[in-house]
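I have placed the structure first, in the form of structure tokens, so that the comments after it can refer back to it.
All of the numbers you see were taken from the coordinates with simple rules; none came from a lab. The shown structure was predicted, so the numbers you read here are calculated from the model rather than taken from an experiment.
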Amino acid sequence: MDRRVISGTVDTVFELDYSVRAEDMRSLYEKAKRDQWNATRDIAWATPEPPDGRVLAEELIDIHGSPIWERLGERDRIELNRRITAWRLSVLLYGEQGAMLVCSQLVGIVPGADQKFFQASQVMDEARHNEVLERYIQARLGGLHYPMPENERFLFDTILTDPRWYIKTIALQLVAETFAVSMFKMMAEAALDPVLREVCQRILQDESRHMGFGMLALPGIVREASEGERREMEDFTCLAVEKVLTGFFPLEAYQDLGFSPAQIDEIRSYRRGAAARNDYAAYRKFFRRDMHAAMVNNLARIGLLTERVRPRLAALGIALPAAA
Ligand SMILES: [Fe+2]
Ligand SMILES: [Fe+2]
């Protein structure tokens, strides 16, 4: 069977007080109940596909505009469009499964009934995201999946085995979901298939609540942390940011299209050059700006944009406002 087993132990907190103790957290849970949707019923699956088979704007393909791209025929361009989309959606699909598993642990570990209730709702949300992306891949991309990238596997293994709820929340609800929100926004904007656009927009509705959990739960614990604990939080933040920002290259999609190792090297160096010059299409420029600004803003709000963190973010290419 296609599955991985990750061993770990966590402490489960059985709450006995179910009164409202954190009102803003309880109202986030109320919103989660109010805004549930159903991937079976609420997505217009019968909408016709784009006639030429392209699902995403060509500008989102790394090599768009490069000499290699110019040499590709129409059929290969469409094939690459579908394969790169399947590769991106596979990464997001594993992220949704990972998020569901992390939140199911959080239900047990996090203290407080309000927090547990909200996490229970997030488990349901992430299951729905996992379900809807799989349905999309089956319905529109012929069931094409690509393997989980090493960085993503490493990140989720680390989150799932760390016993502390706030470390899981920093990595998931703060870093990974900030990244995912910008990614889904970009995909929704760039989708040529209206069903893909709708799927991304639906997922986005839930994601802002999930980030809200981190924004409500983390500032207090960061404020009260000892020096040693704060350093661990800072280090974990930087590790998670590094993992979500690097190491995502759709190698297998290019291989499937028959690119030789020499051509793949050419693609990699074209990508590096584009990154160094920040020479991206408008969609990507917006994504980078949006994601970097959201990351910096969210870290500042919870008190983790510290003097130790700032230079490490800058080294990852994240633009920072001058220190206050
Ligand atoms: Fe999700
Ligand atoms: Fe989420």
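For segment 147-245, the normalised intensity computed at q = 0.16 Å⁻¹ comes to -0.75 (log10 of I(q)/I(0), Debye sum over alpha carbons, equal scatterers, no solvent). Remark: the residue 23-residue 6 segment gains 2.6 nm on full extension, using 0.36 nm per residue and subtracting the alpha carbon distance. Distances between placed amide hydrogens fall under 5 Å for residue 56 paired with 192, all partners being 5 or more residues away or on another chain. Size descriptors for segment 1-134: radius of gyration and Dmax over Cα atoms are 20.9, 66 Å.
The Rg/Rh ratio for segment 150-208 is 1.09, where Rg is the radius of gyration of the alpha carbons and Rh is the Kirkwood radius. Global size of the chain: 20.3, 66 Å for Rg and Dmax (C-alpha atoms, Rg to one decimal, Dmax whole). Both the radius of gyration and Dmax for segment 175-324 are 17.8, 55 Å, in that order, over alpha-carbon atoms.
Here the sum of -39500 (n - 2.57) over DSSP H runs of 4 or more residues, divided by the residues of the chain, equals -22000 deg cm²/dmol at 222 nm, to the nearest 500.
Taking all C-alpha pairs of segment 201-268, those more than 14 Å from each other amount to 75 percent.
Taking only the Cα atoms of segment 95-176, the ratio Rg/Rh comes out at 1.03, with Rh defined as the Kirkwood radius.
Partner lysines whose Cα lies under 26 Å from the Cα of residue 185, excluding those fewer than 8 positions away in the same chain, are identified as 31, 33, 168, 243, 285.
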